[in-house]
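The values are calculated or read from the model by the stated rules, or taken from the named source; none is laboratory data. Because the structure is predicted, anything quoted here is derived from the model rather than measured. Don't worry about glycine lacking a Cβ; one is built from the backbone with ideal geometry, like all the others, and counts go over all protein chains shown.
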Amino acid sequence: MGEGCWLDPAANSRSRLCIRGVANIIGTDMDIVLRRPDPARLDEEADAAMAVQRTTLQATLPGLPHPHTEEEDRAWMRDNFARCSVWLAVDGDRIVGVATRSGALVRQLYVATDRTRAGIGQRLLDAMLAEAVAESILTVDLWTFQRNAGARRFYERNGFVAMEFTHGASNEEREPDVRYRRSIRVGAAGG
């Protein structure tokens, strides 16, 4: 069953109200809309989402090896759009954030560098967690690089616990990483 989401007419801000399940569009805050990819524009939106990922990684983790060409990255993202649950954060026509999940694994969560610290990442994560609960997934995992201090603080602030540290031998970048896990209580996906 889907979810009914709408703007809260009693609030001065553009707050969202949602009931059960997950909708295809979640209300707007700060003029940013969370939505599913547009089926008529999947390739274009996958390419824009990959651009957010690439530029964010370049800005936050200077010197991180990038083992793929732009075309390989676009193909990978298009495959994610086809196989995973995807949420986009959109400002007008511009994609400013992306989150993907496959089962209990959050595969990616990236926000454009000029939009960080504005609550967009929180909204994307909340959508992923609410959707996981709606699918009866009560524990989610994710990986991030150990030196990505901002991402680590964000996940830890959101109840994720570091479960495993590696030297990066299993990731393509060969960058030390950390696996996080969070248990989700029904009714507490957003906090």
> When residues of the stretch 160-183 are filtered for being acidic (D, E) and touching a residue at least 40 places away in the same chain (Cβ under 8 Å), how many remain?
Replying inline: 3
> So which residues in the stretch 40-86 are touching a Ser or Thr at 6+ places or on another chain (Cβ under 7 Å) and basic (K, R), if there are any at all?
Replying inline: R83
> How many of the residues making up the stretch 165-183 are at positive phi and in a strand (DSSP E or B)?
Replying inline: 0
> In the stretch 168-177, is there at least one residue being modelled with pLDDT of 95 or more and surrounded by 15 or more Cβ atoms within 10 Å (Cβ to Cβ)?
Replying inline: yes
> Which residues, counting only those in the stretch 126-164, are farther than 20 Å from R185 by Cβ, hydroxyl-bearing (S, T, Y) and assigned to a helix (DSSP H, G or I)?
Replying inline: none
>> Tell me which strands (runs of 3 or more DSSP E) are completely within the stretch 54-114 and hold 2 or more residues being touching a helix residue (DSSP H, G or I) at 6+ places or on another chain (Cβ under 9 Å), more than 24 Å from M163 (Cβ to Cβ) and of a type outside the set (D, E), or say none if there are none.
In response: 85-91, 94-102
> Under 9 Å by Cβ, and 6 or more places apart or on different chains, what pairs join a residue from the stretch 132-154 that is within 17 Å of Q122 (Cα to Cα) and in contact (Cβ under 8 Å) with a residue 12 or more places away in the chain with one that is aromatic (F, W, Y) and part of a loop (DSSP other than H, G, I, E, B)?
Replying inline: V140/F160; D141/F160; L142/F160; R152/F160; F154/F160
>> If I ask for residues that are surrounded by 16 or more Cβ atoms within 10 Å (Cβ to Cβ) and either part of a loop (DSSP other than H, G, I, E, B) or not aliphatic (A, V, I, L, M) (or both), which ones from the stretch 116-125 would you list?
In response: T116, A118, G121, Q122, R123
> Just one of D93, D177, D126 is more than 23 Å from P67 (Cβ to Cβ) and either touching a strand residue (DSSP E or B) at 6+ places or on another chain (Cβ under 9 Å) or of a type in the set (S, T, N, Q) (or both); which is it?
Replying inline: D126
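One line per residue, one yes/no per condition, for (1) out of contact with any Pro (no Cβ under 8 Å at 6 or more places or on another chain); (2) surrounded by fewer than 21 Cβ atoms within 10 Å (Cβ to Cβ); (3) touching a residue at least 24 places away in the same chain (Cβ under 8 Å):
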position: E70; (1), (2), (3): yes, yes, no
position: D93; (1), (2), (3): yes, yes, no
position: G97; (1), (2), (3): yes, no, yes
position: R101; (1), (2), (3): yes, no, yes
position: L105; (1), (2), (3): yes, yes, yes
